[in-house]
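Below: one structure, written as structure tokens.
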Amino acid sequence: MRNVAPFPTPTSPSPAAPAAFWLSVRIGFIPLIIYIPLALLIAGLMLTGQLKADLPIMVAVIGMGGATCAEIGKRLPLLGRMGGAAIVSAFLPSYLVSLGWVNADLVKTVTDFTKASNFIYLFVSAVVVGSIFTMDRDLIIKGFAKIFLPLAVGSVLALAAGAAVGVACGMPLRQVLFFVIIPVMGGGLGEGAIPLSVGYGEIMGVESGRILAQLLPVILLGNLCAILFCGLLDLIGKRYPQLTGNGRLQPSDTTQPSQPSPAAAAAPDTGEVINNVIAAGMCAMALYLAGVLMHALFGLPGPVCMLLLAVALKLANAIPARLESGARTLFTFFTTAVTYPLLFANSIAVTHWHELSSAFHVGNLLTIITTVGVLVLTGCVMARKLGMYPVEVGIVNSCHSGLGGTGDIAILTAANRMQLLPFAQISTRIGGAITVMLALLLFSQLPPA
């Protein structure tokens with residue numbers, strides 16, 4: 001006699017099913033069931049004048065703003081696949097502020113909070129520690145040594161190509177070199193545009209503020225070009241997987257991945273995971289404070305000092321496995337939940353749309369696009385000869401035109417390669433510092449215009 005399977009017994013839907021559904025529908029990283037009441041509460045605070053620049057309120061405001069911008073950017077045709085989430089988060093709020101469409105109290109509180117808290121350094125510290133501590137030690141040694149060559153060659157070629165295009169557009173060579181190309185590769189605002197404006201001002205005998213207003217839109221456009229180019233590189237990496245390490249700068253020397261021990265494969269204790277993350281977070285803060293102290297004592301850039309200390313600890317095998325595990329979780333949290341709120345906050349507080357739009361001159365645009373494009377292309381071409389991945393090296397080279405730490409974050413977010421932040425910091429800060437020093441030295445030797 002044939003066995004017949006019994007009819008399934010009807011079951012009532014689980015009470016948790018509707019809640020699970022609404023939690024799965026998200027705006028950015030915020031579930032819709034939380035997003036809607038959060039938006040209503042923020043609106044209520046604005047209407048009652050209770051929107052303050054304290055931590056709990058600002059976490060809600062910039063979190064919702066960043067999630068909204070990221071969702072819009074991801075859904076844009078074509079641009080959504082080329083880093084649209086980062087582009088929209090970094091520039092749309094600034095544009096809306098320029099139109100007067102953003103509540104004035106909201107603009108003030110976000111600006112006050114962003115400038116007072118300086119929380120970009122919290123982000124950079126967590127991501128740098130998470131990247132370095134979880135990297136292969138041998139790859140760090142080889143990668144940091146190799147990255148300088150494509151960066152140096154790319155800088156020279158970008159300078160020459162950008163100058164040629166600018167002159168062909170009818171711009172004076174002096175203007176093209178010192179007021180367009182050098183600011184783009186100068187390392188951003190604090191390390192690049194401001195020192196350049198002060199130096200140029202002293203040499204020319206004019207107010208540095210006037211020069212800074214001229215340089216700001218140029219570096220903003222350079223950063224935007226880098227975001228677009230790196231979004232395109234991400235698409236190329238998806239189309240041709242052999243060209244990318246998906247966040248790794250070069251192939252690992254080990255052909256077989258190590259097998260985890262049975263103890264490591266077991267589900268970790270929740271309390272242990274939390275303790276590891278706390279330890280990694282405090283280690284990140286300790287390294288940041290060490291960078292601040294070294295800057296005060298020796299004048300070296302704090303983020304660079306922090307990066308070098310993290311690398312030194314990794315090379316000395318001084319990072320316990322549990323701390324590496326905590327750093328990995330810390331890295332994942334910050335790159336997932338903090339990136340877009342950070343870009344949103346900086347767009348309102350730091351990025352001024354009228355400054356950006358004032359640089360939309362044909363000569364400026366073509367010069368900036370050429371400069372950034374040659375940086376990227378040089379990195380991609382030289383990568384193969386150096387045994388590295390073209391997509392990753394092109395992305396790191398593009399960060400030489402980044403707007404400081406914020407610019408690096410926007411570029412790497414567009415490229416989905418936040419693991420490259422330590423190398424990006426070298427490209428932006430060390431490359432920018434060398435560029436600024438050489439530019440001021442050369443500018444001081446030129447006859448007055």
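Taking the 1.4 Å solvent-accessible surface of the chain as the whole, the part contributed by carbon and sulfur is 69%. With a Förster radius of 35 Å, plug the Cβ-Cβ distance of residue 24 and residue 354 into 1/(1 + (r/R0)^6) and report the FRET value to the nearest 0.05. Result of the calculation: an efficiency of 0.30. Ordering 250, 279, 130 by the projection of their Cα atoms onto the charge dipole of the chain, which places +1 on the Cβ of Lys and Arg and -1 on the Cβ of Asp and Glu, puts 250 at the extreme positive end. What FRET efficiency would be calculated for the residue pair residue 101, residue 207, taking the C-beta separation as r and a Förster radius of 30 Å, to the nearest 0.05? Efficiency at R0 = 30 Å is approximately 0.35.
Axis angle, to the nearest 10 degrees, between helix 55-74 and the longest C-alpha principal axis of the chain: 80 degrees. The stretch between residue 285 and residue 138, if pulled fully straight at 0.36 nm per residue, gains 50.4 nm over its current Cα-Cα span.
In this structure the amide hydrogen of residue 27, modeled in the peptide plane, comes within under 5 Å of the amide hydrogens of 32, none closer than 5 places in sequence on its chain.
Only the Cβ atoms of Lys and Arg (+1) and of Asp and Glu (-1) were treated as charged; on that basis the dipole of region 290-449 about its Cα centre amounts to roughly 380 debye. In whole Å, what is the distance between the alpha-carbon centres of region 41-83 and region 130-207? Cα centroid to Cα centroid, the span is 32 Å. Between helix 302-315 and the chain there is an angle of about 60 degrees, using the helix long axis and the longest principal axis of the Cα atoms.
Roughly how tilted is helix 194-204, in degrees to the nearest 10 and between 0 and 90, from the longest Cα axis of the chain? Here the helix axis deviates by roughly 10 degrees. Restricting region 97-174 to chymotrypsin sites (Phe, Trp or Tyr not before Pro) that sit in a DSSP loop and have at most 12 other Cβ atoms within 10 Å of their own Cβ leaves 101. The count of lysine pairs in the chain whose Cα atoms are under 15 Å apart, excluding pairs fewer than 8 places apart on the same chain, comes to 5. What is the sum of charges around residue 322, taking Lys and Arg as +1, Asp and Glu as -1, for the other residues whose C-beta is under 13 Å from the C-beta of residue 322? The answer is -2. Taking 0.36 nm per residue of sequence separation and removing the Cα-Cα distance, the residue 149/residue 33 pair yields an extension gain of 36.7 nm.
The structure-derived value of volume of the Cα convex hull per residue in Å³ appears in the list [x] 156; [y] 183; [z] 210 under the label [z]. For the chain, the solvent-accessible area of protein heavy atoms averages 48 Å² per residue (probe radius 1.4 Å; ligands and nucleic acids excluded). In the complete set of protein chains, residue-level accessible area for residue 72 is approximately 80 Å², probe 1.4 angstrom.
Calculated mean residue ellipticity at 222 nm for the chain: -22500 deg cm²/dmol, from DSSP H runs with n ≥ 4 weighted as -39500 (n - 2.57), summed, divided by the residue count and rounded to 500.
The values are calculated or read from the model by the stated rules, or taken from the named source; none is laboratory data. Small disclaimer: the values here were computed from a predicted structure and weren't measured. Every residue, glycine among them, receives a Cβ derived from its backbone with ideal geometry; neighbour counts consider all protein chains shown. In case anyone asks, the SASA skips ligands and DNA or RNA and just uses the protein heavy atoms, side chains included. Shrake-Rupley method; radii C 1.70, N 1.55, O 1.52, S 1.80 Å.
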